[in-house]
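Since the structure comes first, as C-alpha cells, the remarks are kept for the end.
Taken together, the values in this text are just the output of simple stated rules run on the coordinates, not laboratory data. In this text the structure is predicted, and so the values were computed from the model without any measurement. Neighbour counts run over all protein chains shown; Cβ positions are idealised from the backbone, glycine included.
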Amino acid sequence: MRATTGRGFLFVPGPTNIPDRVQRAMVVAMEDHRSSKFPDLSTSVLSDLKKVFKTETGQVFIFPSSGTGAWEAALTNTLSPGDKVLASRFGQFSHLWIDMAQRLGFDVQILDVEWGEGVPVERTEEILRADTQHEIKGILACHNETATGVTSDIAALRKAMDDAAHPALLMVDAVSSLASIDFRMDEWRVDLAVSGSQKGLMLPAGLGILGVSPKALEATQSATSRRCYFDLADMIATNPGGYFPYTPALPMLYGLREALDIIFEEGLDEIFARHHYLAEGVRAAVTEGWQLELCAKEPKWYSDTVSAVMVPEHINGAHVIDVAFRRYNLALGAGLSKVAGKLFRIGHLGDLNELMLMGAIAGAEMAMLDVGIEVVPGSGVAAASNYWRSHDPVPKRRVSREEQFYEAHSTGSVQG
Ligand code: PLP
C-alpha cells in the first residue's frame, strides 16, 4: 500500500526537488512580455547564466523546450546536411543525441564504449589525427551520462583535440552536470554547451538552455541545416533588447531568477563540493554498506549527480523501483535501454542534503530487502552516516562573521 501522508521522496536524477523559494517565485500573474519592464528580468537571467556556464566570451540562449530542444539547436545551427560528426556512445542519453543527429541527416561516426565508461579520449585523438582533411565538423560528448552515472573528462577531450590540432566544434551535453559538477565553458573552449532547467538549476522541465561560443556563432553563418523554432538568428535579433522571438515561459524565468540567486548565495564551487560530498556518502552506502556495484566501472568515471546501482543478476531492478514507489513513496531512477532491469539510479543533485538522501538510501534498502536482495538491514545508512560524519561538506567553506564570532568565543581567544 502506498504511503499517502508526508512528503514524497523524489530521487530521480531530474526533475529534481524544487526549493520552496523557487516554487513561490513562479507563482506570478502573467505579464506582457513586450513591456518596457520585461527586459529587466530577461537580461538579468541571460547574463547570469553565463556565470553558471563559466563563460565570458560565449552567449547563452533560452528556449521554451526541454534539454532535447537545446540538443537540436546545437546541431542545426552549426552544421549542414551530411556533415560528419564524431560521437561516443555509452548510455541512453549519448545514444539519443546520436540518434537525433542521424535523424537530422548528419553523418555520425559512432564510437561505441562499454556502458559504465565515458568519452574515450585516446581513441578520439587517434581518429582526429587520422582525419587530416578535417572532415569531422563536430564532436559530441556527454559530460554526465545520466543513464549510467558516468562523468567524462571534458578538459582532457579538449586537450586531445588541441594535440591533434583539429578544428571541429566541441559540443557538450551538460544537461545533468551544469550547476552541480564543475563545468568550464571558456577554459575548455566548449563551443556548444547544452543544458536544461530540471536538474542542477532546480526548476521544472521546460527550458532548453544553450551556451554558444564565438566560434560556434560564426559557424551559424554558413550552416545550412533547416531550422526555424530553434534558429539562433531569431534569438540574436531579439535577445539583446531583452525580448524573445516568441512568447517566453514567464513563470519559468521568474523561477530561474530565484534559482540563480540561490546558486550564487551558496557559491558555484561550494555547490560542486557539496555534490561531491553527498555523492561520496551515497557511494559508501552502495559499495561499503550494501556491498553492491556501481555501473560506473572505475572511480574516475563516478558521477557526483547520479549513482546507478547494479542489482544482483536474479533480480529485476524495475521491481525494486516499483516497490520503492508504491510502498514507500520514493521515486528512484529506472534502468534505461541496455541496462533496463539491471540497475536502479539514485539522483543526488540539486536542492538536497544528507538527511534527505538518508531517506532515499533507507527507502532503497527497504525496497531491496522486500524483493529479496540480501543486503544487511541498516548497512547503507550506516556507511553513508560514517562518511558524512567524518567529512567536511565544503572543505573550502567561507567562514561567516557569525561563525568567526562563535569560534573566537569558544576557543577563548576573545575574553569577557
Ligand atoms: N542529456 C542528458 C544527459 C539527460 O540526462 C537528459 C534527460 O534526462 C537529456 C539529455 C534530455 O533532456 P530533456 O529530457 O530535458 O529533453
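If the chain between Ser80 and Ala156 were fully stretched, how many nm would it gain, using 0.36 nm times the residue separation less the Cα-Cα distance?
Details: separation 76, 0.36 × 76 = 27.36 nm, distance 2.73 nm.
The Ser80-Ala156 span can extend by a further 24.6 nm.
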Beyond 19 Å, the calculated P(r) of region 1-144 holds a percent of Cα-Cα pairs equal to 69 percent
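Using only the Cα atoms, what convex hull volume per residue in Å³ does the chain have? Write down the numbers at each step before the final one.
Numbers: hull volume 71.3 nm³, N = 416.
Here the figure is 172 Å³ per residue.
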On the formula 1/(1 + (r/R0)^6), with r taken between the Cβ atoms of Asp186 and Asn316 and R0 of 56 Å, the FRET efficiency rounded to 0.05 is 0.80
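Working out 0.36 nm times the residue gap between Glu288 and Ser222, then minus their Cα-Cα distance, what length gain in nm do you get to one decimal? Could the numbers behind the result be given before it?
Working: separation 66, 0.36 × 66 = 23.76 nm, distance 5.37 nm.
Extra length from Glu288 to Ser222 when fully extended: 18.4 nm.
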For region 1-151, share of DSSP beta bridges that run antiparallel, in % to the nearest 5 = 15 percent
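If the chain between Asp392 and Arg103 were fully stretched, how many nm would it gain, using 0.36 nm times the residue separation less the Cα-Cα distance? Provide the component values of the computation, followed by the final result.
Working: separation 289, 0.36 × 289 = 104.04 nm, distance 4.71 nm.
Stretched fully, the Asp392-Arg103 segment lengthens by 99.3 nm.
Placing +1 at every Lys and Arg Cβ and -1 at every Asp and Glu Cβ, with all other atoms neutral, what dipole size does the chain have around its Cα centre, in debye to the nearest 20?
Working: 38 positive and 52 negative charges, 145 e Å.
Taking the Cα centre of the chain as origin, the dipole is about 700 debye.
For Lys199, Lys297, which order do you get if you count the other beta carbons within 10 Å of each Cβ and list the fewest first?
Values: Lys199 28, Lys297 16.
Fewest to most other Cβ atoms nearby, the residues stand as Lys297, Lys199.
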Most fluctuating residue of His134, His275, His319 in a GNM of the chain with Cα springs under 10 Å: which is it?
-> His134
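Relative contact order for region 1-120 using alpha-carbon pairs under 8 Å, separation at least 6, rounded to a whole percent? Before the final figure, lay out each step's value.
Values: 76 pairs, mean separation 19.1, N = 120.
In percent, rounded to a whole number, it is 16.
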Quick numbers on region 309-371, Rg and Dmax over C-alpha atoms in Å, give 11.4, 35
Distance in nm between label sites at Arg327 and Arg7, each 7 Å beyond Cα in the beta-carbon direction?
-> 2.4 nm
The farthest towards the positive end of the charge dipole of the chain, of the residues Ile110, Ala324, Asn77, given +1 on Cβ of Lys and Arg and -1 on Cβ of Asp and Glu, is Ala324
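Provide Val320, Val306, Val60 in ascending order of the number of other Cβ atoms located within 10 Å of each residue's Cβ, fewest first. Mind showing how you got there, number by number?
Numbers: Val320 27, Val306 30, Val60 23.
Placing the least packed residue first, the sequence is Val60, Val320, Val306.
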Please give every one of the lysines within straight-line cross-link reach of Lys84, meaning a C-alpha to C-alpha distance under 16 Å, and leave out same-chain neighbours fewer than 8 residues apart.
-> Lys137
So, with points 7 Å from each Cα along the Cβ direction, the Ser47-Arg123 label distance in nm works out to 4.5 nm
Once the in-chain neighbours fewer than 8 apart are removed, the lysines whose Cα is under 20 Å from Lys300 read Lys159
With unit charges on the beta carbon (Lys/Arg positive, Asp/Glu negative), name the residue among His33, Leu253, Leu178 whose Cα is farthest towards the positive pole of the charge dipole of the chain.
-> His33
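Just to verify a number: FRET efficiency for Ile236 and Met356, C-beta to C-beta distance, R0 = 51 Å, to 0.05? Walk me through the numbers on the way to the answer.
Numbers: r = 41 Å, r/R0 = 0.80.
After rounding to 0.05, the efficiency reads 0.80.
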Among beta bridges that DSSP assigns inside region 94-185, antiparallel share in %, nearest 5 | 25 percent
Leaving out same-chain residues fewer than 8 places away, which lysines sit with a Cα under 20 Å from that of Lys338?
-> Lys297
For the chain, with a Gaussian network of springs between Cα atoms less than 10 Å apart, report the residue from Glu258, Glu31, Glu117 with the top mean-square fluctuation.
-> Glu31
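Treat the count of other C-beta atoms within 10 Å as a stand-in for reagent exposure and order Ile361, Ile98 from fewest to most. Please list the in-between numbers first.
Details: Ile361 28, Ile98 22.
Result, fewest neighbours first: Ile98, Ile361.
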Fraction of beta bridges assigned by DSSP in the chain that are antiparallel (%, nearest 5) | 50 percent
Mind giving me the nanometre distance, one decimal, between the label points for Leu268 and Arg34, set 7 Å out from Cα along Cα→Cβ?
-> 3.6 nm
Computed from the beta carbon distance with a Förster radius of 56 Å, FRET efficiency for Thr247 and Asp112 to the nearest 0.05 stands at 0.85
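Relative contact order for the chain using alpha-carbon pairs under 8 Å, separation at least 6, rounded to a whole percent? Intermediate results must be reported in sequence, preceding the final value.
Values: 843 pairs, mean separation 94.0, N = 416.
Rounded, it is 23 percent for the chain.
Tell me, what is the Rg over Rh of region 119-251, with Rh the Kirkwood radius over Cα pairs? Mind dumping the intermediate values first?
Numbers: Rg = 16.2 Å, Rh = 16.3 Å.
Ratio of gyration radius to Kirkwood radius for region 119-251: 0.99.
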